[in-house]
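The values are calculated or read from the model by the stated rules, or taken from the named source; none is laboratory data. Owing to the predicted nature of the structure, the values given are computational and were not obtained by experimental measurement. Note that each Cβ is placed from the backbone with ideal geometry, even for glycine, and that neighbours are counted across all protein chains shown. Just the protein is used for accessible areas: all its heavy atoms, side chains included, with ligands, DNA and RNA removed. Shrake-Rupley method; radii C 1.70, N 1.55, O 1.52, S 1.80 Å.
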Amino acid sequence: MTTTDRAHSDSTNPPATNRSRRDFLQRSAAAVGSAALAGAFGAFLSRASFAAARGPSPEYGALLPLKDETTGLELLQLPEGFRYRSFGWRGDAMSDGTPTPAAHDGMAVIAAHGGCLTLCRNHEVSRVGRPFGPEAMTFDSKAMGGCAHLEFDAARGEWLSSRPSLAGTLKNCAGGPTPWGSWLSCEETVLTPGDVNGETVFDLEHEHGWIFEVPAGKPATAAPLKDMGRFVHEAVAVDPETGSVYETEDRGTSGFYRFVPNVAGDLARGGRLFMLKVEGRPDLRKSLHVGDAFDVTWVPIDDPYRAHSPGTTDQLGVYHQGKSAGASTFARLEGCWYGNKRIYVVSTSGGNASEGQVWQYDPRTEQLKLLFESPDAQVLDSPDNIAVSPRGGIVLCEDGKQEPQRLHGLTPDGRLFPFAANNVVLNGERNQIAGDFRGSEWAGATFSPDGEWLFVNIQRPGITFAITGPWRDGGL
């Protein structure tokens, strides 16, 4: 997440005319992408393509301001034929009367019963104060982060309700869904009671930096899954064939981790934590080429509870254990998602331009491949959360400095295209919220099981959207 945010159904075959336009634009985009790998000239081309990168989508067409079916406001730019409904704005009353917390972040669909979907949404609140949920689901009575469950009727396209589902945690950034119908919520902090930041003393009850499991049909028990490690967590992805959980770490020097549970599907019964190693490649942050592939092994983490290196406050105690055993370093690993029988991982500041990499890991072959690298922020500006559609396309959420921030599509063969843009400018129309939020990050992208609805958040001011349209006309 950004420093600012942290601180505070259609035919399978589209019409021939659409295909011709799309094929032409795809060839053009591919040419620019290839040239962008060729040093300075490539960088020039990527800057020159600014208008195209923030304009027409090679897959779906031009991005147009469209009205929200809930408020009538033009909150998003989307291609023609798409529509959306907002829900769960910051300050909206949830079903129990609790105001919806701020800082909407990671999210996923975790259950489907008929046409009714249950989503779990993180709230990346880092403040000390009163939790927003009842005591039974609260980990720390002095922490204000947590999760909310949302209900959506996919058949009718209507939002139904929301309620607290985990409370008393801190900086619940991302996480990931499990194959058995729950959400793993990750704390992006290792704050300890009594820690000081400037004039702020964190008067907490417990150490933080854990992963929590939130079931679909009931509130969480708020018990941390400690064997999964205590570090600055970001996201997780579960391999349904093995039950292994892959974890990312949001630091400039970060590791990519695998948690092997003692009992697949029952994380509370513990397991072992490992960190990825590429032999001969201790640093994977720069000086690579798209398509580079590496065989990987995994080194054990002996003490997953060690949040700091001995005698320091560097918050890298787990990372340094892996590094000392030869594991490899990434740059700010954030988004992580299972799809297409692979794990997709985002390095938000990786690459020669420090604007982001997308990695693909195949757990069957134990091979890691660089799928995409941004040559310029105007092409892709610091990707963060990631999701894979049931059709195989990949959604990337921008979390950078350009305006407007965008949602991108990425095909499994590495072709990038813009899909949506943040158009949120408010003058008090909803909950007295005012401001220009077009630079706020996208987060929490997730598809319904049938692929007809894309759910996604804009973190500030805090809004959740349900988007639908002619997905099969393009790469998502």
- In region 354-390, what count of residues is obtained for those that are open to solvent by less than 30 Å² (accessible area, probe 1.4 Å) and not in a strand (DSSP E or B)? 10
- Query: Mind checking which residues of region 225-264 are among the hydrophobic types (A, V, I, L, M, F, W, C), crowded, with 24+ Cβ neighbours inside 10 Å and more than 22 Å from PRO215 (Cα to Cα)?
  - Reply: PHE231, PHE256
- Going by the structure shown, is ALA268 part of a helix (DSSP H, G or I) and touching a Leu at 6+ places or on another chain (Cβ under 7 Å)? yes
- Item | Subset of region 240-265 (residues that are hydroxyl-bearing (Ser, Thr, Tyr) and touching a Leu at 6+ places or on another chain (Cβ under 8 Å)) | THR248, THR253, SER254, TYR257
- When every residue in region 305-345 that is of a type in the set (Ser, Thr, Tyr), within 27 Å of PRO179 (Cβ to Cβ) and open to solvent by 10 Å² or more (accessible area, probe 1.4 Å) is compared, the one nearest to the chain's Cα centre (by Cα) is TYR338
- Query: Going by the structure shown, is GLY311 modelled with pLDDT under 95, in a loop (DSSP other than H, G, I, E, B) and small (Gly, Ala, Ser)?
  - Reply: yes
- Query: Of everything in region 116-131 that's open to solvent by 30 Å² or more (accessible area, probe 1.4 Å) and assigned to a loop (DSSP other than H, G, I, E, B), which residue is farthest from HIS233 (Cα to Cα)?
  - Reply: ARG130
- Write out, first by first residue and then by second, each pair whose Cβ atoms fall under 8 Å of each other, whose residues are 6+ apart or on separate chains, and whose first residue, in region 88-107, is open to solvent by 10 Å² or more (accessible area, probe 1.4 Å) while the second is of a type in the set (Phe, Trp, Tyr). THR98/PHE132; PRO99/PHE132; PRO101/PHE132
- Query: What pairs come up if the first residue lies in region 278-289 and is over 13 Å from ASN352 (Cβ atoms), the second is outside any loop (DSSP other than H, G, I, E, B) and of a type in the set (Lys, Arg), and their beta carbons are under 9 Å apart, counting only those six or more places apart or on different chains?
  - Reply: PRO282/LYS323
- Task: Could you check, for region 147-154, whether at least one of its residues is part of a loop (DSSP other than H, G, I, E, B) and within 24 Å of the chain's Cα centre (by Cα)?
- Result: yes
- Query: Of all residues in region 142-163, which are open to solvent by less than 10 Å² (accessible area, probe 1.4 Å) and farther than 28 Å from GLU452 by Cβ?
  - Reply: ALA143, GLY145, GLY146
- Counting just the residues of region 188-201 that are modelled with pLDDT of 90 or more and either under 27 Å from the mean Cα position of the chain (by Cα) or assigned to a strand (DSSP E or B) (or both), which one comes out surrounded by the fewest Cβ atoms within 10 Å (Cβ to Cβ)? THR192
